[in-house]
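**Student:** Dropping a structure here in structure tokens format, bear with me for questions.
The values are calculated or read from the model by the stated rules, or taken from the named source; none is laboratory data. Note that the structure is predicted; figures quoted are calculated from it, not measured. Cβ placement follows ideal geometry from the backbone for every residue including glycine, while neighbour counts extend to all protein chains displayed.
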Amino acid sequence: MDFLQLLTIVYNIGHFYNTFTASRAITMLASEDKTFFDMVLNASSSKRYKEAAQSILKSKNYLRLHLLNSILILEQCDQTNNSVLLAMEILYAYINESCFSKDDKLWYVFSIFRNVRSLSYMAYDLQISNTPFLIDICNKQAMILLLKELLSEYNNNQPSLKLIESIAKLLDDTVYNENSNAICYYKISRKIVSLIKKDPGYINKDYYADFFINKNSVLNKPHNHKRDFVHSQILKLTFSEDQRHLSEALFKELEKINNTRVGYYDRHSGEQTILVSIKKNCDYAAKSYAAFKSMKCAVSCLKRIHTITSTDKRFILCVKFFLFYLFDESPVSIKPTIDNEKCVICTRGRKSRIKEIKLLKSYSQETTDMMHEVQFLLSRLENDSKNDISITIPASILVYQKNNSGIMNREFDGLIIHPMRKVKQVIFLEAKNTKSKPSYAKKMS
């Protein structure tokens, strides 16, 4: 119990006023500036601190950056106090817990700490969130039951763990990192980095005294949220931990595109989520082009994932994001017609895209009209000889009125997007038109 109490205190004491937003600014600047990296690294003469700092800064793990600050605080405390020394040992053990086996008692202590801490935060944050769930911490018997299930070594605690993980993800997406907020938080992190760099003497400052503990530090001052982007349609793509190199490369590309507003956040699971919106005050041409370029970058990145399927849900997210801006910020729905699971198909090469549609056609039990639409789509693909990346949508595309999503403006029977081409990049299909030409083709650049 003493271990848990000490860990609870020292775990949180290292946060900046701007918490993870400031911590991310530190990892960002450290990755861009070797001098600043060394400043944080040399904030302590302790070999263990340097090893921990090296690992956290190199991996840009801003979710754990505050633990370095906690160590620095403990180093300022009375080193003859046994509680301080014990707290330091516990904290270093927690930072290096990957070195412990599951049979180690400390591993079990840390597991209890994480579960109880997660449950505590959830119980509080569910009270202030717009979710239909609550955890009643006043119900002693219910809490004992839940904790017994979570912490049991003998019973199957997977259902309880899945429940907590699901609620945690819900809070992550709707409270902690709600889409528009996540973009704002990143912009503040980037602003902090710029403000630090603006001071030519920052390289001669002391990390602990001037940046962390100083209440007037740019890392501890409040910053306004600049919401100069469209909130109603934000592209959100999540990448697994082993895809981190791809998500980071994609993020850099998206940030370079004119009129985009981007953000990202890391999840405790190791996943990284990227968010993209478009600057609010620019014209239709600029918005639709920025959306097309964003989709192109994202699709190109996703196709580099060796295990990705042609119907990965991230492809449909990219397409809906682009179509929203293509139709001047009108709501767009993609309605399955041939297959409920395969609305958007992304393939590389002529043979692959034809094969995918032929398979759909062979399995489908749809009406004659539906099959006519598929055949029309297939004929367009067969008449195309290029072997590049294409997105095929064998489904209805419904476009609604901009200010009244209950009224449909237009409907298309299919869609083909060639994001890597310079002409006829977007082809809308209307099967009722029996001519060989598509009903509408659009050049985006």
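**Student:** Just give me the residues in segment 416-431 being closer than 13 Å to Leu326 by Cβ and touching a residue at least 60 places away in the same chain (Cβ under 8 Å), in sequence order. Spell out the reasoning first.
**Tutor:** Kept after step one, since they are closer than 13 Å to Leu326 by Cβ, are these residues of segment 416-431: 417, 419, 425-428.
The answer is Ile417, Pro419, Gln425, Val426.
**Student:** Of all residues in segment 69-88, how many are part of a helix (DSSP H, G or I) and loosely packed, with under 15 Cβ neighbours inside 10 Å? It would help to see each step written out before you state the result.
**Tutor:** Pass one, segment 69-88, residues part of a helix (DSSP H, G or I): 69-75, 82-88.
Still in the running and loosely packed, with under 15 Cβ neighbours inside 10 Å: 82-83, 85-86.
Residues flagged as part of a helix (DSSP H, G or I) and loosely packed, with under 15 Cβ neighbours inside 10 Å within segment 69-88 amount to 4.
**Student:** Is there a residue being assigned to a loop (DSSP other than H, G, I, E, B) and exposed (fewer than 14 other Cβ atoms within 10 Å of the Cβ) anywhere in segment 178-200? I'd like the intermediate steps shown before the answer.
**Tutor:** First, pick out the residues of segment 178-200 that are assigned to a loop (DSSP other than H, G, I, E, B): 178, 199-200.
In the following step, the residues that additionally are exposed (fewer than 14 other Cβ atoms within 10 Å of the Cβ) were identified as 199-200.
Scanning segment 178-200, I find at least one residue that is assigned to a loop (DSSP other than H, G, I, E, B) and exposed (fewer than 14 other Cβ atoms within 10 Å of the Cβ), so the answer is yes.
**Student:** I need a count of the residues in segment 94-141 that are at pLDDT 85 or above and β-branched (Val, Ile, Thr).
**Tutor:** So the count comes out to 5.
**Student:** Next question. Residues to consider are Lys279, Lys287; find the one that is farther than 22 Å from Ile316 by Cβ, assigned by TED's automatic domain parsing to the domain that holds Ile316, modelled with pLDDT of 95 or more and in contact with a Lys or Arg (Cβ under 8 Å, 6 or more places away or on another chain). First the steps, then the outcome.
**Tutor:** On the way: Lys287 fails: farther than 22 Å from Ile316 by Cβ.
That would be Lys279, the only listed residue that is farther than 22 Å from Ile316 by Cβ, assigned by TED's automatic domain parsing to the domain that holds Ile316, modelled with pLDDT of 95 or more and in contact with a Lys or Arg (Cβ under 8 Å, 6 or more places away or on another chain).
**Student:** Here is a follow-up. Out of all the residues in segment 144-188, which are polar (S, T, N, Q) and in contact (Cβ under 8 Å) with a residue 24 or more places away in the chain?
**Tutor:** Start the filter on segment 144-188 by keeping residues that are polar (S, T, N, Q), which leaves 152, 155-158, 160, 166, 174, 177, 179-181.
Correct list: Thr174, Asn177, Asn179, Ser180, Asn181.
**Student:** Hey, Asn340 hits all of (1) at pLDDT 95 or above; (2) more than 29 Å from Asp242 (Cβ to Cβ); (3) not small (Gly, Ala, Ser); (4) not assigned by TED's automatic domain parsing to the domain that holds Phe251 but one; which does it fall short on?
**Tutor:** (1)
**Student:** Which numbered condition in (1) in a loop (DSSP other than H, G, I, E, B); (2) touching a residue at least 60 places away in the same chain (Cβ under 8 Å); (3) of a type in the set (Ser, Thr, Tyr) is the only one that Tyr94 fails?
**Tutor:** Going through the list (1) in a loop (DSSP other than H, G, I, E, B); (2) touching a residue at least 60 places away in the same chain (Cβ under 8 Å); (3) of a type in the set (Ser, Thr, Tyr), Tyr94 breaks only (1).
**Student:** Which condition number does Tyr17 fail, the rest of (1) modelled with pLDDT under 95; (2) within 24 Å of Pro222 (Cα to Cα) being met?
**Tutor:** (1)
**Student:** Among the helices (runs of 4 or more DSSP H) lying completely within segment 306-417, list those that include at least 3 residues that are closer than 19 Å to Leu429 by Cα, touching an Asp or Glu at 6+ places or on another chain (Cβ under 7 Å) and not polar (S, T, N, Q).
**Tutor:** Where helices (runs of 4 or more DSSP H) fall fully within segment 306-417 and carry at least 3 residues being closer than 19 Å to Leu429 by Cα, touching an Asp or Glu at 6+ places or on another chain (Cβ under 7 Å) and not polar (S, T, N, Q), they are 350-363.
**Student:** Could you go through segment 394-403 and let me know if any residue there is without any contact (Cβ under 8 Å) to a residue 60 or more places away in the chain, under 17 Å from Leu326 (Cα atoms) and among the aromatic types (Phe, Trp, Tyr). Break it down into steps so the answer makes sense when it comes.
**Tutor:** Going residue by residue through segment 394-403, those that are without any contact (Cβ under 8 Å) to a residue 60 or more places away in the chain are 394, 403.
Remaining after also requiring under 17 Å from Leu326 (Cα atoms): 403.
Applying the additional criterion that residues be among the aromatic types (Phe, Trp, Tyr) yields none.
No, the conditions are met nowhere in segment 394-403.
**Student:** For segment 121-157: of the residues being assigned to a loop (DSSP other than H, G, I, E, B) and among the aliphatic types (A, V, I, L, M), which is surrounded by the most Cβ atoms within 10 Å (Cβ to Cβ)? Reasoning before the result, please.
**Tutor:** First pass over segment 121-157, keeping only residues assigned to a loop (DSSP other than H, G, I, E, B): 129-139, 152-157.
Next cut, among the aliphatic types (A, V, I, L, M) only: 134-135, 137.
Numbers: Leu134: 11, Ile135: 18, Ile137: 14.
Across segment 121-157, the extreme among qualifying residues is Ile135.
**Student:** Something else: Within segment 62-94, count every residue that is under 15 Å from Phe16 (Cα atoms), touching an Asp or Glu at 6+ places or on another chain (Cβ under 9 Å) and not hydroxyl-bearing (Ser, Thr, Tyr). Explain how you work it out, then say what you get.
**Tutor:** In the first step, residues of segment 62-94 are kept if they are under 15 Å from Phe16 (Cα atoms); the result is 62-73.
Restricting the remaining residues to those that are touching an Asp or Glu at 6+ places or on another chain (Cβ under 9 Å) gives 62-63.
Next cut, not hydroxyl-bearing (Ser, Thr, Tyr) only: 63.
The number of residues fulfilling the criteria is 1.
**Student:** Another question, if that's okay. Mind listing just one residue for me: the one in segment 275-297 that is part of a helix (DSSP H, G or I) and among the hydroxyl-bearing types (Ser, Thr, Tyr) and, of those, surrounded by the most Cβ atoms within 10 Å (Cβ to Cβ)? Let's see the steps before the verdict.
**Tutor:** Here is the first cut: in segment 275-297, the residues part of a helix (DSSP H, G or I) are 284-297.
Filter once more, so that each one left must be among the hydroxyl-bearing types (Ser, Thr, Tyr): 284, 288-289, 294.
Details: Tyr284: 12, Ser288: 22, Tyr289: 20, Ser294: 25.
It comes out as Ser294.
**Student:** Moving on to the next point. Would you mind telling me which numbered condition in (1) modelled with pLDDT of 95 or more; (2) among the hydrophobic types (A, V, I, L, M, F, W, C); (3) assigned to a helix (DSSP H, G or I) Ala43 fails?
**Tutor:** With (1) modelled with pLDDT of 95 or more; (2) among the hydrophobic types (A, V, I, L, M, F, W, C); (3) assigned to a helix (DSSP H, G or I) applied to Ala43, the lone miss is (3).
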